[in-house]
Amino acid sequence: MEAVLFLAHTEPDGSLGKPALEALAAAKAVALALPGAELAAGLVGQQVQAAADAIATSGAVRFLAVAGAEFAQSRYASDAAAIEALCQAARATLVIAPGTSRWNRVAAGAAQRLGGGVDTHVGGIAIRDGMVWVSRWYYRRRLEAVLRRAQRPWFIVVEPGSQAPWDGPGGTAAVQFIPLDLPQSAKRTSVEGIRQPEADTQTIRPDAALLLVAGAGWTKKQADGRLHIQEAEKLILDCLRLTHASLGSSKSLVDLASEGEAVLGFLTHLNQIGQTGATPRHPKGLAACCHGEEPHTVGWRFVNERRAINLDPNCGWARGKADVLYVADAFAVMAKVNELLAAGAEG
């Protein structure tokens, strides 16, 4: 009989983030599908009662927590000790957790301490013949593997955005706090502050409804034989500001700086999608000045509605890969789009 533990950390305000609710939905589904399985919730954070109350009706039969000021911030030593204590208290055989940066950093180490196994970036969990199977992508979403493990405890770290989040009413949860006295060696790392860009300069928004992908065409000579880098930057940034979209880029564009060519100043390798970049999961995507290379389109696999702007109707991306193709100049199209967006915002 499996003992399923939903493992999550609280956000700075004491709540549970969307990735945690997605992992909770997956954990609940697994517990319901396995005969005799019970679901427990394990929470880590400075304050956890509000988070436990928010998921009181999720079906968890126990609510365990390691709480205190020492667990407010992400730190490998304290997080690993907290996870170990929660898993031992729950006698967990299956540990399902969200793939946040905090948990991705520590999941493998915690599994090693407990003599278990771990799989990260899990995109799907299924129960077949009473056994748990997980699916995940390898080689930047080119290969999908379906696997199971006999090793227990088995840590299953769920990729954010791959599951529908749990959505239910709150209640009052009886939380059992697990005492954990951290040694000084586990407190050596401290967080002195957080530096982040202003909201208007933020270009990577994983939860945005729209993904705007800039291709290398923005930095090439245009119909008048001249470069229009500053105009391109303004068009793209204006669109991001008006739509709150996330910005992606092809590998060729972010690599142009190393080749001594003109670049868009706000692009880095963090914006790269496809090939060796990230695979986004936005509801809608617009490729502006796309170049149609197959590695680039791999990054669009999980975008639901895909549109492209290209002067070439035979572009490799446009032929069979875009739902809608605008055969036009990207500068003109984006200028008109921004005009309509601005008018809508004023109205």
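The values are calculated or read from the model by the stated rules, or taken from the named source; none is laboratory data. Note that this is a predicted model, so its numbers are computed, not measured. Because the Cβ atoms are built from the backbone with ideal geometry, glycine has one as well, and the counts that use them run over all protein chains shown.
The rows are residues; the columns are (1) assigned to a loop (DSSP other than H, G, I, E, B); (2) at pLDDT 85 or above; (3) farther than 13 Å from residue 217 by Cα.
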{"position": "252", "(1), (2), (3)": "no, no, no"}
{"position": "261", "(1), (2), (3)": "yes, no, no"}
{"position": "285", "(1), (2), (3)": "no, yes, yes"}
{"position": "292", "(1), (2), (3)": "yes, no, no"}
{"position": "296", "(1), (2), (3)": "no, no, yes"}
{"position": "314", "(1), (2), (3)": "yes, no, yes"}
{"position": "320", "(1), (2), (3)": "no, no, yes"}
{"position": "339", "(1), (2), (3)": "no, yes, yes"}
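Of 180, 227, 210, 240, all but one fail to be free of Cβ contacts under 8 Å to residues at least 60 places away in the same chain and either in contact with a strand residue (DSSP E or B) (Cβ under 8 Å, 6 or more places away or on another chain) or small (Gly, Ala, Ser) (or both); the exception is 240.
Being among the β-branched types (Val, Ile, Thr) and farther than 20 Å from residue 186 by Cβ: is that true of residue 30 here? Yes; evaluated as a whole, the condition is true for this residue. Residues in the range 140-166 that are over 17 Å from the mean Cα position of the chain (by Cα) and among the aromatic types (Phe, Trp, Tyr): 154, 155.
Yes or no, residue by residue, for (1) in contact with a Ser or Thr (Cβ under 9 Å, 6 or more places away or on another chain); (2) assigned to a loop (DSSP other than H, G, I, E, B); (3) exposed (fewer than 13 other Cβ atoms within 10 Å of the Cβ):
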position: 155; (1), (2), (3): yes, no, no
position: 160; (1), (2), (3): yes, yes, no
position: 166; (1), (2), (3): yes, yes, no
position: 190; (1), (2), (3): no, yes, yes
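Within the range 43-83, the residues that satisfy the criterion of being part of a strand (DSSP E or B) and either among the aliphatic types (A, V, I, L, M) or out of contact with any Phe, Trp or Tyr (no Cβ under 7 Å at 6 or more places or on another chain) (or both) are 43, 44, 62, 63, 64, 65, 66, 67. The residues listed here are 227, 180, 212, 235; of these, the one that is assigned to a strand (DSSP E or B) and either of a type outside the set (Val, Ile, Thr) or loosely packed, with under 14 Cβ neighbours inside 10 Å (or both) is 212.
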